[in-house]
Structures are given as C-alpha cells and as structure tokens.
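Okay, structure first, notes after.
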Amino acid sequence: MLSKIIPELGHFALILALLMALVQAVVPMAGTMTRRPLWMAFAKPLASGQFLFLAIAYLCLTASFLLDDFSVAYVANNSNSMLPWYYKTTAVWGSHEGSVLLWSLMLGGWGFAVSQCSSQLPRDMVARVLSVMGMVCVGFLLFVLITSNPFERLLPNMPQDGADLNPLLQDFGLVIHPPMLYMGYVGFSVVFAFAIAGLIGGRLDAAWTRWARPWTNLAWAFLTVGIALGSWWAYYELGWGGWWFWDPVENASLLPWLAGTALIHSLAVTEKRGSFKSWTLLLAITTFSLSLLGTFLVRSGVLTSVHAFANDPARGTFILVLLGLTVGLSLLVFALRAPRVSHSIGFTWLSRDALLLVNNILLVIMTVTVLLGTVYPLLLDALGLGKISVGPPYFNALFVPLTGLLCVFMGLGPSSRWKQMSGRELFKRLLGAGISAVVIAAVAPFVYGGQWNLWVSLGLVMALWIVLSLGRDLFDKVRNASNLGVGMKRLSPAYWGMVVGHMGLAVTIIGVTMVSNYNIERNVRLAPGDSVEVAGYTFAMQGLRERRGANFIADTATIDVSRNGEHRFTMHPEKRLYLARGMPMTDVALRPGLLRDLYVALGEDLGDGSWALRIQFKPFVRWLWLGALLMAAGGMLAVVDKRYRRVKRRAQQPVASDASGFKEAQA
C-alpha cells in the first residue's frame, strides 16, 4: 500500500519545498531592508527545510524506479523490469524530468551548505545570499511542477512494463557524469548569490572575496571533473574513439567552465589588490547565466545531440523566460549598484595585475568564440534565414591560437609581482625556462615519431613553458629557506592549488597534442582466423560467441593481440541488442595504458562470416583526463586553505577607497 502513495508523497514534498523557497526568497531579504534580525534569522532554517523536502521528493522518485511503479509516467518511459537495480537508481536522472529534479536537489544542497558554513559572515550578508538562492530555487521548482513533473501518473491505463532506459545511458559513466556536471553548474549559483548580495548591500570587501573564493573553486572543480567524465564517456561508449566533438551540448558545459576560470583569477586579484571589483561581479553573473543557458540548450529541444533531451517547446520557453529574468534582473542590479563598490587601484602594464587582466580577456574571448559558434546557427534557423553547420574547423581555427596565447601569459603570471615589476627582472627569471621549453619541444618529435612535426612542437612548447615557469617560480620561493622541506611547508594550499591546476592544463595539452597528431585508425574486415597489424600490434580474430546480459543479447568477438610474435592479451568487443527497445549498441574493448590506448570497436556483420572492426592506437589519450583531474585537484587544494575561513575580524570593515586604505584593511 505504501508503494502506491510514494509518488504522491514526493509530489507533496516538492510543493512544500516550493513554498519554503518562496518564503526564503522574500522574508530574509525584507529583514535586511527593514533591519529586523528575526526575519533575517529565518534564512538558515528555511534553506535546511527546503533541502530536506527536495531530498524526500528525490528519494520517492528513486523508490518508484526500484519498485517498478509503471503507473508513474517518468518511470514507465525510462525503466524496465529487466533493468539492473543500479541502472534503475541512475535512471532517475536519465531523462529530462529527473535531471531537473536532481538539479533542484543540488541547488537546495548548495543553499544548505551555505547556511551551515556561514557562521563567520555578517547576518545581513547571509540573509541576502540565501534569499537570492531562494529566488533561483523558486524558478526551478516552478519549472519542475508546471512543465516537468516527474510524478505524473498513467492511471488507470498503466503499462505492464516500461520502455527501458536509453541503452546509451546504461553505463557506469552515467552514474558519475551528470551529478558531477550538475554540481558544477549549480555550484556557481553560490558566487552569483554573493555577487547580487554584495551589490544590494553595497559592500564588496576582503571578507566577501575570501569567502566567495572557495565556493567558486569548489564549483569549478566539480564542473571540471564533470566535463572530463563526459569526454571519457563519449570516448568509450559511442564507439567513435573521439574525446571531444565540439558538440553543442559539450560546448554548453565548456562555456561556464571558461567563464568560471576567468572568475577564479579575477577573485584572486580582488582579494589581493582590491581591484577588478566590478569585473569580478560581472563575471560571477555571467558564469551562472551561462550555466542556465546550458540548461536551456540541453532541455529546450532546440539541439539534436546524443547528450540532449528533446522536449516540447513549452519547456524551452519556460527556461528561456527564467534565463531572461535572471540575466536581466541581475544586470539591472549591477548597473544600478556597481558604482558603489567599484574603485580603481593603479598598476603598471608589466605586473601580475596586468597579466591576470590579459588572462581574463583571453578567457572571455574564448567564451564568446564558443558561444557564437554554438548559438549563431540556432538563431539563423529560428529566424528562418537558413541552416548552417559550425563544426570543428571553426572552433579549432580560433580556439587553438587563443589557447596558445593564454599559455604564454600563464607562464609569465606566477613569476611576476603585484602592482609593478621590471621587465629586465622578469626576462632574467624566465629566460632559462623559455629556452629549455623550446629546445625540448623541438627535439621531442624526433625522439617519439622519428621526424619533426611543427604542431607537436608547438603543443609541447606551450605545455613545457607552463611547467618550467612554474618550476622556476617554486625555486624562487623556497631557495632562501633553511631546507627544502621548510620552504615547501611555508607555501599555502592556495599556491599549491595554482601549481597543480596549471600543471593539469599542461598535461591535458600534451595529451591533446600527442593523440591528435599520432593517432592511428584502421577500419578493417575480419573473419575468424584473420589478422591485421596496427601500430606494431597484431590483432587476430579467434571467433565470436553469443552472450546474454540482464536486458540484452550480444555478439562477442575474441581478439588476440600480440607484438613481435609474442601474445600480449585478449580483447572482447561486443555488438549488443537491447531487448526492450530493439536498439543495437557497440561495447568497445579497451586496453588502457599511461602512454597509449588500444581501442577495438565491433561494427556490423558483413554477411559472409566477416565483421567490420575499427581498430585504433591512441597515444597519451589518458593524459587528457589525468590533466583534468589534476586541475580539479588544484581547485580542491585551494578550497582547504585556512585563510579563506579567517574572515570574522574583517567582516564588518568598509571597502577601502584607495591602495593605502586597502593595505590598512588587510593589516
């Protein structure tokens, strides 16, 4: 009997969460305007209650999947009685309604985290921040309840069994990719809320920046891992062997990542020097707005993609209105209030301030480049001006040179000084790193590939320039210590986070460079007993067998791989047919390694006992995702820096109006 009312309980919990979000959006903000501490105090318990009821709603939907309650339309469309229980759990976010519920749950979770970790901040600031987050929650919960209710019923004509989860999503990647990606998307709502709260309160001091930085780093780290997992999933699940396709939905996640990267650097300048305040606020608004834009692109039905959820136009219209209101109102607040928190602090053209400004400008240009390439074809189509396709040639032609310029300034930044620096001194510091990077990058293609390759050398010189300049900066910081260990301990976690994050980008650049230039792919026709050689490895097909899984049947090939006449290992690529949907899928066989992957995808039965196979040798491809994990680890290291939690003494200090005042405030 309880199982029959679980969907109603979930629906009721969603309504209660909406009511709490409405009160959270209005009462604490009114309390700050009327100076009523009791009203401001409502913010924290309301944020906790909202998260509690969202969690109850989410658990009720999960229970409906596990109990095979096909009277719930969302369960009937995305599950099946043969689906393994672990995929039933992840099917909760496998389509539109459940993914928006997960988004809302995480939004409530971030609000709850802010309410629990804000004891050192002024009460009025916490009230404003949670009130803004409540407003965002109201928009998404209205979206869920009005257009995307996951608890809608099919009574009395419920099906006997469900349509099954999309076979593309029946994979371990779905277990971890969407939650990580959403944690990043939604996490930027915190710094957005802080930006709006700072504008309304007319205060953007050192305490504000110190407290906003770890939240931004944490959201950025989650988004970095989410993007990397999406790339990894596409690599092995789709059977193409590619790691990035400039797919519009992939671009939708890259946009807030680029803007968030600029925001992290801008916050560093605002904290250290008190400058870039208006720019930091605008980046905070832009980053979260781009997260909402990604939601619109994925869930409006305007895109055709393996990642997108095709839905009715009403949902797209609702999200577009929500996006317009969020962007429009936040920019209006910015236009009215930014002059109260902005002021200029001087610096010379050669200083860390200037280099970080150039870094920000390049990241914004890269963001605009990707945004135009993604949205422009959609606008032309919507206006009836024809259809065009913007693909990898456009993105590579613009994005790659901009990345090279970014790497140049990334190498200069850590070794420079705030406010001003002698060009001669910076040149002396980095001359050795620059020469070493050029020499090693010029020689490496001969050593690895046997001949010189311009593009490989350019990619390697960018990566080595970042690594060697970081090494020089680290040497300068520890050389005067009594010993190496003491010098290392003196460096803050935030500094180590910067080092690890920049190293991660260098590792990713090496991976991109090597796999793009040395990848070997062969499309072959093999029958049992046949073999083919690829990149020095011999792939011999020994035979095929039929295998039955929980909800599919598969043709499984046995491929023996040998090198120099010696058997190394066996690979088992599959061609699956999922029974509920009758949908065929390729399950790739991978032999991973730090320096190379071997990749075999089983294609179609060619009818004479032979099969089509795609065999690939992919050097350094794992470095793509290793670099992303290092970048995320760098963000996490910065989060644990204790400096960001020492804000109580500075919480009530006013904004300094000049450089000397800023130094006084830091004393």
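How many residues, within region 182-193, are surrounded by 23 or more Cβ atoms within 10 Å (Cβ to Cβ) and either at pLDDT below 90 or under 15 Å from Leu101 (Cα atoms) (or both)? Break it down into steps so the answer makes sense when it comes.
As a first pass, look at region 182-193 and keep what is surrounded by 23 or more Cβ atoms within 10 Å (Cβ to Cβ): 182, 184-193.
Then drop every residue that is not either at pLDDT below 90 or under 15 Å from Leu101 (Cα atoms) (or both), which leaves 182, 185-186.
Selection size over region 182-193: 3.
Tell me, which strands (runs of 3 or more DSSP E) wholly within region 529-637 include 2 or more residues that are more than 21 Å from Leu238 (Cα to Cα)?
On the way: elements: 531-534, 537-548, 552-563, 566-571, 574-578, 583-587, 589-591, 596-605, 611-619.
It comes to 531-534, 537-548, 552-563, 566-571.
I'm told Phe334 meets every condition in (1) part of a loop (DSSP other than H, G, I, E, B); (2) at pLDDT 85 or above; (3) among the aromatic types (Phe, Trp, Tyr) except one. Can you identify the failing condition by its number?
So the condition that Phe334 fails would be (1).
Does Phe194 satisfy the criteria of being closer than 25 Å to Val321 by Cβ and touching a residue at least 60 places away in the same chain (Cβ under 8 Å)?
Numbers: closer than 25 Å to Val321 by Cβ: yes; touching a residue at least 60 places away in the same chain (Cβ under 8 Å): yes.
In short, yes.
Closer than 30 Å to Pro392 by Cα, at pLDDT below 90 and among the small types (Gly, Ala, Ser): which single residue out of Gly432, Gly449, Gly501, Gly423 fits that description? Before you say what the answer is, go through the steps one by one.
On the way: Gly432 fails: closer than 30 Å to Pro392 by Cα; Gly501 fails: at pLDDT below 90; Gly423 fails: closer than 30 Å to Pro392 by Cα.
Result: Gly449 is the single residue among Gly432, Gly449, Gly501, Gly423 that is closer than 30 Å to Pro392 by Cα, at pLDDT below 90 and among the small types (Gly, Ala, Ser).
If you scan region 407-424, which residues turn out to be in a helix (DSSP H, G or I) and among the aliphatic types (A, V, I, L, M)? Step through it out loud before you land on a result.
First pass over region 407-424, keeping only residues in a helix (DSSP H, G or I): 407-415, 423-424.
Matches in region 407-424: Val408, Met410, Leu412.
Out of Trp211, Trp233, report the one residue that is among the aromatic types (Phe, Trp, Tyr), part of a helix (DSSP H, G or I), out of contact with any Gly (no Cβ under 6 Å at 6 or more places or on another chain) and in contact (Cβ under 8 Å) with a residue 24 or more places away in the chain.
On the way: Trp233 fails: out of contact with any Gly (no Cβ under 6 Å at 6 or more places or on another chain).
The conditions single out Trp211.
Which one of Gly328, Gly386, Gly324 is outside the structural domain of Val136 (by TED's automatic domain parsing), of a type outside the set (D, E, K, R) and not in a helix (DSSP H, G or I)? Walk me through it before giving the result.
Details: Gly328 fails: not in a helix (DSSP H, G or I); Gly324 fails: not in a helix (DSSP H, G or I).
Just one listed residue meets the conditions, Gly386.
When you scan region 77-100, how many residues do you find that are surrounded by fewer than 22 Cβ atoms within 10 Å (Cβ to Cβ), part of a helix (DSSP H, G or I) and among the hydrophobic types (A, V, I, L, M, F, W, C)?
1
What are the residues in region 1-13 that are without any contact (Cβ under 8 Å) to a residue 24 or more places away in the chain and surrounded by 15 or more Cβ atoms within 10 Å (Cβ to Cβ), if any?
The one that is without any contact (Cβ under 8 Å) to a residue 24 or more places away in the chain and surrounded by 15 or more Cβ atoms within 10 Å (Cβ to Cβ): Phe12.
Could you pull out the residue among Leu16, Leu22 that is touching a residue at least 60 places away in the same chain (Cβ under 8 Å), part of a helix (DSSP H, G or I) and either in the same structural domain as Gln116 (by TED's automatic domain parsing) or closer than 29 Å to Val298 by Cβ (or both)?
Details: Leu16 fails: touching a residue at least 60 places away in the same chain (Cβ under 8 Å).
Exactly one of Leu16, Leu22 is touching a residue at least 60 places away in the same chain (Cβ under 8 Å), part of a helix (DSSP H, G or I) and either in the same structural domain as Gln116 (by TED's automatic domain parsing) or closer than 29 Å to Val298 by Cβ (or both), namely Leu22.
Residues in region 272-298 that are closer than 14 Å to Ala262 by Cβ and either acidic (Asp, Glu) or outside any helix (DSSP H, G or I) (or both): how many?
Selection size over region 272-298: 1.
Being closer than 26 Å to Leu258 by Cα and surrounded by fewer than 24 Cβ atoms within 10 Å (Cβ to Cβ) is true for just one of Ile200, Ile196, Ile146, Ile176. Which residue is that?
Numbers: Ile200 fails: closer than 26 Å to Leu258 by Cα; Ile196 fails: surrounded by fewer than 24 Cβ atoms within 10 Å (Cβ to Cβ); Ile146 fails: closer than 26 Å to Leu258 by Cα.
Just a single option satisfies the conditions, and that option is Ile176.
Run down Leu238, Leu281, Leu229 and say which single residue is outside the structural domain of Gln616 (by TED's automatic domain parsing) and either buried (at least 24 other Cβ atoms within 10 Å of the Cβ) or at positive phi (or both). Spell out the reasoning first.
Values: Leu238 fails: either buried (at least 24 other Cβ atoms within 10 Å of the Cβ) or at positive phi (or both); Leu229 fails: either buried (at least 24 other Cβ atoms within 10 Å of the Cβ) or at positive phi (or both).
Residue meeting the stated conditions: Leu281.
Can you pull out the residues in region 415-435 that are of a type in the set (A, V, I, L, M) and loosely packed, with under 15 Cβ neighbours inside 10 Å? Outline the logic, then answer.
If we filter region 415-435 for residues that are of a type in the set (A, V, I, L, M), which is where we start, we get 421, 426, 430-431, 433, 435.
Once the filter is applied, which keeps residues that are of a type in the set (A, V, I, L, M) and loosely packed, with under 15 Cβ neighbours inside 10 Å, region 415-435 yields Leu431, Ile435.
The values are calculated or read from the model by the stated rules, or taken from the named source; none is laboratory data. All values derive from a computational prediction rather than experimental measurement. As a convention, Cβ positions derive from the backbone with ideal geometry for all residues, glycine included, and neighbour counts pool all protein chains shown.
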